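A short worksheet on the structure shown next.
The values are calculated or read from the model by the stated rules, or taken from the named source; none is laboratory data. None of these values were measured; they are calculated from a predicted model. Virtual Cβ from ideal backbone geometry, glycine too; neighbours counted across all protein chains shown.
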Amino acid sequence: MEKYSGLAMFCYVVAGLWFVAFLVGFVVDRRRLRNGAYLVIALGFLVASWLLDLAVAAPGTVKAMLVPLLLVSPLLIFGLSVFLMLNGIVMLWREGWRLANLLSLLLGIGILVGTAVGVFAMTVAMTASNPLARVLVGGAAGGLGYIALVFGCFLLYSTLYARVGPRGRADFIVVLGAGLKGDEVPAQLAGRLDKAREVAAASPDATIIVSGGRGPGASVSEARAMADYLIARGVPEERIVLEEKSRTTLQNLLFSGEIMAERRPGYQCVVVTSNYHVLRAAAFARRAGVTGHVVGAPIARYFWPSAFLREFVAILVDHRMKNAALFLLSALFGALAFRF
């Protein structure tokens with residue numbers, strides 16, 4: 001038991017160090033995605049410390065806790081799969097047949113099928129005399145474990161970042177475009193503009209920059225349609241600046257950043273997007289050199305799972321070399337662990 005007690009203390013110390021790293025990173029620049037990894041690692045060591053302390057104080061309790069967890073896990077996995085599949089069907093019904101709208105449906109099917117295949121493969125690998133089977137299963141488990149860990153970091157930190165408000169008053173409020181429906185402002189973009197009006201009420205001297213160029217088939221730029229929407233709802237026209245050259249989120253921020261730096265060096269801004277897009281937009285803002293905080297406007301609940309999954313895939317692609325290297329390293333560790 002002394003061994004467990006010493007190990008628990010070690011885990012507490014490591015958890016504390018990672019938590020300090022998270023706090024420093026969050027204070028210095030909360031837009032860094034790595035802050036989420038620091039927080040998850042700290043929480044992981046904290047849970048390990050708690051379990052080790054529990055094993056010392058009440059031997060057998062940890063095993064007793066694992067039994068109901070193992071019994072409930074299949075139900076949780078099945079419930080999550082059904083929820084995602086139903087959400088995918090709703091997405092296709094309301095938003096149309098597009099690959100992006102299939103994400104939650106495909107993930108739900110993938111979790112259900114993958115769990116069944118994984119249990120079968122694990123059983124075969126553990127009973128097989130062929131070490132290659134164990135290596136393959138271990139490699140797959142390690143790689144998928146890395147993806148699950150990154151998703152957990154992204155989900156936790158996105159939630160935390162979205163709940164922390166901007167610091168002080170803003171000099172500018174940048175509204176990111178989300179596409180027009182013909183020449184009209186669709187519901188998602190209207191939500192962003194309504195959120196911008198809410199932020200503007202708290203910073204009455206702030207200039208609102210509406211950002212978005214003209215897409216194919218549109219007779220007006222997205223920025224013009226956004227400005228008209230705000231003016232129709234009582235925002236003074238002189239308070240609005242149009243940025244009409246951008247085609248992507250990064251360009252939204254680069255071109256808006258140029259406007260802000262020219263008008264007021266040393267500015268502070270609030271960037272407004274949709275709630276599922278907050279953390280990735282914050283990463284783009286950091287890359288574009290834009291100084292400020294990103295806030296999210298609410299969207300329809302049925303839309304959120306697919307939209308968030310799309311953002312997660314985009315984050316993986318944005319950092320594809322780093323993620324590919326860590327995925328392969330995790331797969332290698334998993335293969336070695338199962339081999340020996």
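Odds and ends about this structure:
- Leading residue by the ranking (farthest from R286 (Cα to Cα)) among those in the stretch 253-267 that are touching a helix residue (DSSP H, G or I) at 6+ places or on another chain (Cβ under 6 Å) and touching a residue at least 40 places away in the same chain (Cβ under 8 Å): Y267
- Close contacts from the stretch 197-209, counting a first residue that is within 14 Å of E237 (Cβ to Cβ) and a second that is modelled with pLDDT under 90 and of a type outside the set (D, E, K, R), with Cβ to Cβ under 8 Å and a gap of 6+ residues or different chains, come to none at all.
- Here the condition is being under 30 Å from A178 (Cβ atoms) and either modelled with pLDDT of 90 or more or surrounded by 14 or more Cβ atoms within 10 Å (Cβ to Cβ) (or both); of R310, R301, it holds for R310 alone.
- Condition met for V278 (of a type outside the set (D, E, K, R) and part of a strand (DSSP E or B)): no
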